[in-house]
Structures are given as C-alpha cells and as structure tokens.
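K.L.:
Below is the structure I would like to discuss, written out as structure tokens.
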Amino acid sequence: MSRRQVLAGAGGTGLLAATASPAKAAARTRRARAGAADGTPEQIHLTWSENPATGVVVSWASPGLAIRPRVRIGQRVIPAESRPYTDGNNGETVWTYHARVSGLRPGATYAYAVTADNDSNAADSFSATFRTAPQGRAAFRFTSFGDLATPNTSWVLSYGQSAYAVEAVESFQPLFHLLNGDLCYADLNPKVQPEVWRDFGNNNQTSAASRPWMPCPGNHEVEFNNGPQGFTSYLTRYTLPDNRVPGFGGRWYSFRVGSVLFVSLDADDVVYQDAGAFVAGPAALTPVAGTGQSPIEPGTSFYLRGYSGGAQTAWLERTLAVGRRDESVDWIIVQMHQCAASSSATGNGSDLGIRQEWLPLFDRYQVDLVLNGHDHDYERSFPVRGTDANAGHEVATGAVVNTLRPHPVTTTDSGVFDTSQGTVHLILGCGGTDAPLDEYGTDTADRSPFPGGRPPRTPQRQAKVFTQANRPALTSTPDVYARAGADAVEDAVWSARRDTATGYGIAVFDVDPAPAGSEAGGQPSIKVTHYHAVGADPVNPGTGVKGAPTPDYTEFETFRLVRPRL
Ligand SMILES: [Fe+2]
C-alpha cells in the first residue's frame, strides 16, 4: 500500500464527528459489521454537476455493499445512488455511490462528509472541503494532465510519479482539474481491473475529494466485456454533466465556469487508431468461469471508430455554435485524449480522424485551446487554422498523402497568441504513467522541395500521422499479433515547443476575464504555465540515464492566450 492510500484510508478531519454522536455511530458500525459487508467509503472524488456554480456530485466506492450511503453537508443529509457493476473479466462486483449536491452558492466553500451505516470509520468519517465555481466573469485557475496511472508498480504502466502528480495538483490549488484520458490502464491488467481502478481512485482522492476532477475517456478506458464501448468501469465511477444524447451519457459533455465553455470529447469515436483493449497472444485472454464470458482469441481488439454514428460530432457542432453565439462566453476549451497535432517519435503521433471530423468545427467556432494526453510528453502548437494540402508522405512508399496538416497562422514564438486567429493544441500526456515518451520526430532527410535545391538550415520537425486503421496483424511468431504505428509522416510546421527534458509535468491555467474598464483594457487572457518534473523519467529515452519519481515540479515555460472581446 502506498503512502497516499494510507492517508486516504485514514479518513478526514472529522467534521461529521463534530456534529454526530460518536456512541451512536459506533453502535451502528458494530451492527453493520455483523452483516459482513464493508461500506467504508474510499476512492472519494468530486465532479461538477450541470451547473458548477451551484452543484457538485460526490462519488465513491466501498469494498462491500454500503448501507444507507450518504453525504452530509451542513444540516443536509443527501442519500447516494448505488451503482454497482460486475467486472466482465474477473467477475468481481464493484460498489459505487453517487450523491448529487445542488442548491449551493456560487464561489463558496463547503465542508462535507461521506459515510454509511456500515462505515468502519463512522466515528470519524471522511470529510473534506470544496469550492463551487464563480458566477459571471471571474478569475479562476484550473490544471490539466492525462495518462496518470497509479503509484502501485505491480500494475502494467503504473509508476510512483502518479502520486507526486496528484500532490502537484494540490500544490497549485486549482478550482478543478482536467484529466484528459488514460486514467489508470486497467485494460492492460485485464484480470485485475477493479484492483487497478481502486489504487487509482485512492491515489486521486488526495486531490479529487477537494476539487472536481473532470475526465475524458482515452483508448485505455476501453475494456473487454465491460459494456458496448468497454467503458463500464469508467462510466460507473463518474457522474458527468448530461449531454442529453440517448445511449451515450458520460462519454462526452460540456460545462461552463465563468466565461469559459469547457467541452470534453471522446476521440475514440473518430480516430483511426485502435483502442487499448487488445489480445496480442499467443495465449487467449480467458475471463474467470463465473462471468460466463468466452475466451478472447489472440488478435482481437476493440475498435471504436464511428461508434456514435455521428451523434458526437452533431452534438459538438450544436454545443460550439451555441457557445460561440453566447456573449458571456469568451473562451472555448476542448479536452480529448488522442491528438490532432503531436510530433512524438516514440509515442503515437497525430490522427487524421480528428483533423477530418473536428478541426473544421474548431476553426468555424474559433475554439481557443485543445488539451490532449496520449503521448507522454509536453508539446505546444502555434495557433492553427485551416490546412496545408498534400503535406504528408506514406511511410511505406513515400507517396504523397493529404494529412490535412494544420496550418499555423504564425510561426513566431512570441509568447502571446491571439486565439481568435487560430487554435492552440497542447499535448499533456505527462501525468504519471511509466513509459515517458519525450522524444520527438525530426525529418533529417527532409522530403520538402526547396527552391534552388538548397538544403534547409535546420532539420524540420516531423510528425507521424495515422491516416488508416491499424488493426492487429499476425507477426512472424505464430499466434502473436501486433499493431502498426502511424502510416504517414509530415513536416510538423505547426509545432512550437517540445519538452525534451522529461515526460512528466502539469499545466496550470489562470483565466483573467479582464472585465471591461479594467487595467488590461478589457482584453481577456489566459496565462498558461507548464511545470515539469525533471529527472522523473524511469529511464531518460534520450540519454539512457535512470531517474526516479520526484516531487519537484519546476517551470518549463509560460505563455499567454489573448482574445479581443467583440
Ligand atoms: Fe492513450
């Protein structure tokens, strides 16, 4: 058990105990324990409700069925909805609870406690505080990273940095955190998925019980035998704002904080890349007998492209159109896991599916900022709008491919960018997972034509681009399958900054609404600071030097987004 889990299990500061009778609570606990099930809350985390200024959802899990699970806030006791599920691979039942807390005051701090009749900590139940979002044009801070994993290195792709990453969020005290996909890689530990999710939830509780953590699904939230898109583990643990699209709740959503419209998408629906759930072989994946599930044969993957039948893109267009028409919205910020503009060499790279489906909408409705994970590094684009045609080449043949390369509206790295002119993309897959991928592409051969045959002064940055599905293919080893990397490359003229020092970091966003008449002349801005954890790479991919998890996050770069108010 990690230090974080010990802290999580130790409970909170006892606000509930101050308002309840310890003797009665102890008696209740004894009665409940006689019933065997352990309803002690754990993995406690907050999400925004539909209106972050007036409501949150408190969610948690317990080892067994909780009796009368509830949240106490002030004089109110709010019963929680029980939402259990049974993991399709190992047959374990997971008990989750969700309590909607509404009717709160904007910009106010509240204390709450979580308990149940069979809470073994009932005498000193878990408690914490949170703050609701401000109303109207107000300054606030949020943070973001993806690809977090857990601190328990027994699990594939888990690493100790994920505990420090959660502490880093707390150190910046944001109003909320955006967790942009690949939460814990449970799918890569298919026989023990609930255990991986539990370590993830208990690690996050250190921060997520005190401020909402708003997630989007990544390719590794996709699990065999857990729902139509494999999202049951994810969807059961989170209650997210309602997108009002029947059958697709929780997969994508939007919410407003101050003058910012946040839009969270599931790019699994549009990318050419395959999802995380994959049986490479030679052995089949055999679910435990009690699940009734058949063995999953080598070469099987869970390909999701197109799963919503266009419903997500239609919702996105409606949401962006309404948002951009709304005069109280200055900024539109999108989070999704996979990347439209990443030049990682060792990771996945960019995906044409996002460029085809969503970048035209980002252009039309002037999306300011896109936050991604997926590649375990930090990269920032110049503001981009429109495309450069036929700028890519097939890896296999060198033939020209139209990768719809995002067109940079400037290539001057001034540190101040007007996002009414173009969208800035940030890759933030720098949470805490093992496998840092902070190596980036360079086109040393450079296929671009140069007038007069002169070579370029410096090699161009190069990005890999998926333009085709990379379904599993049989290797030369019998019954062993693999999936190809990206099939095309392009010169990454849109790439502005890449962190080559470490694969770990956190981005901090300070929204300054600059109300009309203020000193800044009424021009809203967002200050973005990326902090990175130098030395945290288990093995630096560039140098081979071994590192270790570190709590030291130091500034890598700061820049500002500005937007003239119309
Ligand atoms: Fe990913």
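K.L.:
Taking square-rooted eigenvalues a ≥ b ≥ c of the alpha carbon gyration tensor, is region 267-422 rounded, prolate or oblate, where a/c under 1.5 means rounded and, failing that, a/b exceeding b/c means prolate?
P.N.:
In terms of gyration-tensor shape, prolate.
K.L.:
Let me ask something additional. Among bridges DSSP assigns within the chain, what percent are antiparallel (round to 5)?
P.N.:
75 percent
K.L.:
In what sequence, highest mean first, do 122-130, 281-289, 209-217 appear when ranked by Cβ atoms within 10 angstrom?
P.N.:
Result, highest mean Cβ count within 10 Å first: 209-217, 122-130, 281-289.
K.L.:
Using a 1.4 Å probe and ignoring any ligands, DNA or RNA, find the accessible area of residue 414 and quote it in Å² to the nearest 10.
P.N.:
80 Å²
K.L.:
If I stretch the segment between residue 294 and residue 242 completely, what's the gain in nm (0.36 nm per residue apart, minus their alpha carbon distance), one decimal?
P.N.:
15.3 nm
K.L.:
How many nm separate the modelled label positions at residue 77 and residue 458, each set 7 Å beyond the Cα in the direction of the Cβ?
P.N.:
6.5 nm
K.L.:
Can I ask one more? What share of Cα pairs, in percent, lie more than 13 angstrom apart in region 71-125?
P.N.:
I get 69 percent for the Cα pairs in region 71-125 exceeding 13 Å.
K.L.:
What list of whole percents do you get for P(r) of region 185-324, with Cα-Cα distances grouped in 10 Å bins up to the one holding the largest distance?
P.N.:
Histogram of Cα-Cα distances, whole percents per bin: 11, 36, 33, 16, 4, 0.
K.L.:
Provide the net charge surrounding residue 496, with neighbours chosen by a C-beta distance below 9 Å and charges set as Lys +1, Arg +1, Asp -1, Glu -1.
P.N.:
With Lys, Arg at +1 and Asp, Glu at -1, the neighbours total +1.
K.L.:
Continuing with the same structure: Expressed as a rounded percentage, what relative contact order does the chain have, with Cα pairs under 8 Å and six or more residues apart?
P.N.:
Rounded, it is 14 percent for the chain.
K.L.:
Another one. Going by Cα centres, region 334-367 and region 240-266 are how many Å apart?
P.N.:
Cα centroid of region 334-367 versus Cα centroid of region 240-266: 18 Å apart.
K.L.:
Okay, moving on. Starting from the Kirkwood radius over alpha-carbon pairs of region 60-196, derive D by Stokes-Einstein at 20 °C in a medium of 1.002 mPa s and give it in µm² s⁻¹.
P.N.:
123 µm²/s
K.L.:
Could you pull out which residues in region 290-334 have an amide N less than 19 Å from a spot 7 Å beyond the Cα of residue 86, following the Cα-Cβ vector?
P.N.:
290-296
K.L.:
So if I restrict to the alpha-carbon atoms in the chain, what is the Rg, and what is Dmax, the biggest pairwise distance, in Å?
P.N.:
My reading of the Cα-based Rg and Dmax gives 23.6, 88 Å.
K.L.:
Still on this structure: Stick to the Cα atoms of region 210-265, pair each with every other, and give me the Kirkwood hydrodynamic radius in Å at one decimal.
P.N.:
12.3 Å
K.L.:
Summing Lys, Arg as +1 and Asp, Glu as -1, what charge do residues with Cβ under 12 Å from the Cβ of residue 291 carry, residue 291 excluded?
P.N.:
-1
K.L.:
How would you order 424-435, 102-113, 462-473, 254-265 from highest to lowest mean count of nearby Cβ atoms within 10 Å?
P.N.:
Final packing ranking: 424-435, 254-265, 462-473, 102-113.
K.L.:
Compute the distance in nm between two label points, each set 7 Å from the Cα along the Cα-to-Cβ direction, one at residue 284 and one at residue 483.
P.N.:
Label-label distance for residue 284 and residue 483, simple model: 2.1 nm.
K.L.:
In whole angstrom, how far apart do the alpha carbon centroids of region 525-554 and region 42-90 sit?
P.N.:
34 Å
K.L.:
Over all distinct alpha-carbon pairs, what is the Kirkwood Rh of region 196-240 in angstrom?
P.N.:
Averaging 1/r across every pair of different Cα atoms and inverting gives 11.4 Å.
K.L.:
Taking all pairs of distinct Cα atoms, average 1/r, flip it, and tell me the Kirkwood hydrodynamic radius of region 248-345 in Å to one decimal place.
P.N.:
Computed over Cα pairs of region 248-345, the Kirkwood hydrodynamic radius comes out at 16.4 Å.
K.L.:
Separation between the residue 555 and residue 322 pseudo-spin-labels, each 7 Å from Cα along Cα→Cβ, expressed in nm?
P.N.:
3.9 nm
K.L.:
Taking the solvent-accessible surface of protein heavy atoms with a 1.4 Å probe, what is the per residue accessible area of the chain in Å²?
P.N.:
In whole numbers, the chain has 37 Å² accessible per residue.
K.L.:
Quick one: divide the alpha-carbon radius of gyration of region 168-207 by 2.2 N^0.38 Å and tell me what you get.
P.N.:
1.35
K.L.:
At 0.36 nm per residue, minus the direct Cα-Cα distance, what do residue 173 and residue 468 gain on full extension? Give it in nm, one decimal, please.
P.N.:
102.0 nm
K.L.:
Okay, moving on. Within the set of other residues whose C-beta is less than 14 Å from the C-beta of residue 472, count the net charge using Lys and Arg as +1 and Asp and Glu as -1.
P.N.:
-1
K.L.:
Computing the accessible area with a 1.4 Å probe over protein heavy atoms, can you report the carbon and sulfur percentage for region 204-267?
P.N.:
Whole-percent figure for carbon plus sulfur exposure: 51.
K.L.:
Which value results when the Cα radius of gyration for region 33-130 is divided by 2.2 N^0.38 Å?
P.N.:
Dividing the Cα radius of gyration by 2.2 N^0.38 Å gives 1.11.
K.L.:
Give the Rg (one decimal place) followed by the Dmax (whole number) of region 261-305, computed from C-alpha coordinates and expressed in Å.
P.N.:
Rg then Dmax for region 261-305, in Å: 14.7, 47.
K.L.:
Taking the highest mean first, how do the peptides 41-54, 363-376, 66-79 order by number of other beta carbon atoms within 10 angstrom per residue?
P.N.:
In descending order of packing, they fall as 363-376, 41-54, 66-79.
K.L.:
Tell me the mean residue ellipticity at 222 nm calculated for the chain from its helices only (DSSP H runs of n ≥ 4, each -39500 (n - 2.57), averaged over every residue, nearest 500).
P.N.:
-4500 deg cm²/dmol
The values are calculated or read from the model by the stated rules, or taken from the named source; none is laboratory data. The structure presented is a predicted model; accordingly, all values stated were derived computationally and were not measured. Methodologically, a virtual Cβ is constructed for each residue, glycine included, from the backbone with ideal geometry; neighbour enumeration extends over all protein chains shown. Please note that ligands, DNA and RNA were not included when accessible areas were found on the heavy atoms of the full protein model with its side chains. Shrake-Rupley method; radii C 1.70, N 1.55, O 1.52, S 1.80 Å.
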